[in-house]
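Data first, discussion second: the structure below is written as structure tokens.
The values are calculated or read from the model by the stated rules, or taken from the named source; none is laboratory data. Here the structure is a predicted model, which means the values were calculated and not measured. Counting neighbours? That spans all protein chains shown, and the Cβs are built from the backbone with ideal geometry, glycine included.
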Ligand code: ADP
């Protein structure tokens, strides 16, 4: 067979030639919609590449992006690597101090930034000097003379542009982990890892995206490659619907009404708040019938999967992490379970799913030995494969994150059932150990969120002189609903032993979120330490 290097340039060329009429819709800050055809996307991405080369970008250098989800960010996904550069997505929800530190650590040479995010850039500009700051006039205001106007920058004749030659292991993109423990670390993706991940993610039993689909990623393009959606959609010429900065449930539903996506992706917190809206105002809001949704990044409550089914949506649960490009498992009904009635399928949907092809997954106990796939034996999830990080940027050896035989330690604690369904029970740093026994915070949260009065729940460990740690439940009630701590404990007692029940239940207005929209347990632990 021919030894042709895997390359994401192939996806761009294919899109330009085969799908010129496919659409990219982006929502601007003023909520108006702007539409591009793939033919324009192709021309503009190559224009960006030609302009970056002309500006002196050398192979392997980083170009950072500080952008919402929109057409220009998509152009960066392909145009920066086409110039031989590495697209480094900066997470705009981090503090200015953290963003500056990350940009300096990655030695980003240039920056592409939304005009509406310039105030954020100005807060960290002293921490890292970019040679050139290219401003996307997304909000529509004229770009100041001190910066380069993205539209003018890319408006070059790129018809004869030649891709910068590369090997398949050369880097295309980079993303820092959120650094909840210690400083963030840079994960670098290659042409090869990206193509293999794209082919894997779009299997029929995974995303199964087809020409007739239109996709709304509520997953940020600034984190974990937007779960790989930009690559998969461009590969198959699929319509993309970008929400821009508007991620409130009303805005997403409104966009769904207008553009009728068939597929949407996001973390559970987004869909939990959307559910409240759907339930409170069925006269006003409806989901596009038959919409499929990939939900992951944090535990997905079974109650939420069931509720969405009642609204005509099908939720697919996935698990992964930045280091895994990011997809590791997807929940679908395996052949031997197809006979199950719908009701008995829900527990499988609520699990994190079956390992993706071309990667290996094992559950390792504290002694380092592999645990049985019996649905009971608990251990750390470890993974290995061609789209899984082997090291971090500037950290060639990290014994805490990699085993001696080279597997990535995910820090997630789980069981694997005999059918190969992974069930995440906790993150190692969120574990609750009470009286010498582990309590699964994820199981407890799931059951709490199945209570009719509960909108959201996060369970954390608080120190206890007698039991070492005790669970504390943080609960947000649905508007107009009531529940007492005692009622919630009785509800939990249906599946938890008495000693496992949370001693304290705290009712909150909202649960604090991390930069990627997950429940921020570290913050909760700080809040309730005393
Ligand atoms: P961070 O959460 O630190 O920002 P990532 O976005 O890489 O970093 O998140 C990866 C982590 O998210 C996983 O290690 C896991 O703890 C959690 N996670 C992802 N998907 C799921 C899921 N379906 N169920 C439970 N936890 C999940």
Going through the stretch 331-368 one residue at a time, which ones are in a helix (DSSP H, G or I) and either more than 14 Å from the ligand (Cβ to nearest atom) or free of Cβ contacts under 8 Å to residues at least 40 places away in the same chain (or both)?
335, 336, 337, 342, 343, 344, 345, 346, 347
Restricting the stretch 401-436 to residues that are in contact with a helix residue (DSSP H, G or I) (Cβ under 8 Å, 6 or more places away or on another chain) and away from the ligand (no atom under 16 Å from the Cβ), the one nearest to residue 523 (Cα to Cα) turns out to be 434
Residues of the stretch 291-306 classified as assigned to a strand (DSSP E or B) and crowded, with 21+ Cβ neighbours inside 10 Å, total:
4
Looking at the stretch 412-527, what helices (runs of 4 or more DSSP H) fall wholly within it and have at least 3 residues that are over 26 Å from residue 177 (Cα atoms)?
441-449, 485-492
Looking at the structure I just gave you, is residue 246 touching a strand residue (DSSP E or B) at 6+ places or on another chain (Cβ under 6 Å), assigned to a loop (DSSP other than H, G, I, E, B) and surrounded by fewer than 21 Cβ atoms within 10 Å (Cβ to Cβ)?
yes
Please work out if residue 371 is under 19 Å from residue 418 (Cβ atoms) and either touching a residue at least 40 places away in the same chain (Cβ under 8 Å) or within 22 Å of the chain's Cα centre (by Cα) (or both).
yes
Cβ-Cβ below 6 Å, separation at least six or inter-chain, first residue in the stretch 506-530 and more than 15 Å from residue 429 (Cβ to Cβ), second part of a helix (DSSP H, G or I) and within 16 Å of the ligand (Cβ to nearest atom): which pairs?
512/523; 517/269
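Here is a yes/no grid of residues against (1) surrounded by 23 or more Cβ atoms within 10 Å (Cβ to Cβ); (2) under 28 Å from residue 518 (Cα atoms):
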position	(1), (2)
82	yes, no
92	no, yes
98	no, yes
114	yes, yes
120	no, yes
124	no, yes
127	no, yes
135	yes, no
Quick check on this structure: which one of 22, 32 is under 25 Å from the mean Cα position of the chain (by Cα), surrounded by fewer than 22 Cβ atoms within 10 Å (Cβ to Cβ) and farther than 17 Å from residue 88 by Cα?
22
Looking at the stretch 472-499 only, could you name the residues that are touching a residue at least 60 places away in the same chain (Cβ under 8 Å) and either within 16 Å of the ligand (Cβ to nearest atom) or more than 26 Å from residue 297 (Cβ to Cβ) (or both)?
499
Provide a single number: the residues in the stretch 437-446 that are more than 20 Å from the chain's Cα centre (by Cα) and within 14 Å of the ligand (Cβ to nearest atom).
6
Total residues in the stretch 118-142, condition within 26 Å of the chain's Cα centre (by Cα), in contact (Cβ under 8 Å) with a residue 40 or more places away in the chain and part of a strand (DSSP E or B)
1
Can you pull out the residues in the stretch 169-179 that are surrounded by fewer than 17 Cβ atoms within 10 Å (Cβ to Cβ) and either out of contact with any strand residue (DSSP E or B) (no Cβ under 7 Å at 6 or more places or on another chain) or within 22 Å of residue 55 (Cα to Cα) (or both)?
179
Would you check which residues across the stretch 316-327 are surrounded by fewer than 23 Cβ atoms within 10 Å (Cβ to Cβ) and closer than 13 Å to residue 348 by Cβ and list them?
316
Tell me which residues, restricted to the stretch 273-303, are under 21 Å from residue 513 (Cβ atoms) and in contact with a helix residue (DSSP H, G or I) (Cβ under 6 Å, 6 or more places away or on another chain).
273, 274, 275, 277, 295, 298, 299, 300, 301, 303
Note: among 285, 319, just one is within 8 Å of the ligand (Cβ to nearest atom), touching a residue at least 24 places away in the same chain (Cβ under 8 Å) and outside any helix (DSSP H, G or I), namely 319
Regarding the stretch 307-315, can at least one residue be identified that is near the ligand (Cβ under 10 Å from one of its atoms), at pLDDT 95 or above and either under 29 Å from residue 177 (Cα atoms) or outside any helix (DSSP H, G or I) (or both)?
no
Could you tell me which of the residues 183, 192 is surrounded by fewer than 20 Cβ atoms within 10 Å (Cβ to Cβ), in contact (Cβ under 8 Å) with a residue 40 or more places away in the chain and within 16 Å of the ligand (Cβ to nearest atom)?
183
Test of understanding: among 274, 256, 304, which residue is more than 16 Å from the ligand (Cβ to nearest atom), within 21 Å of residue 350 (Cα to Cα) and out of contact with any strand residue (DSSP E or B) (no Cβ under 6 Å at 6 or more places or on another chain)?
274
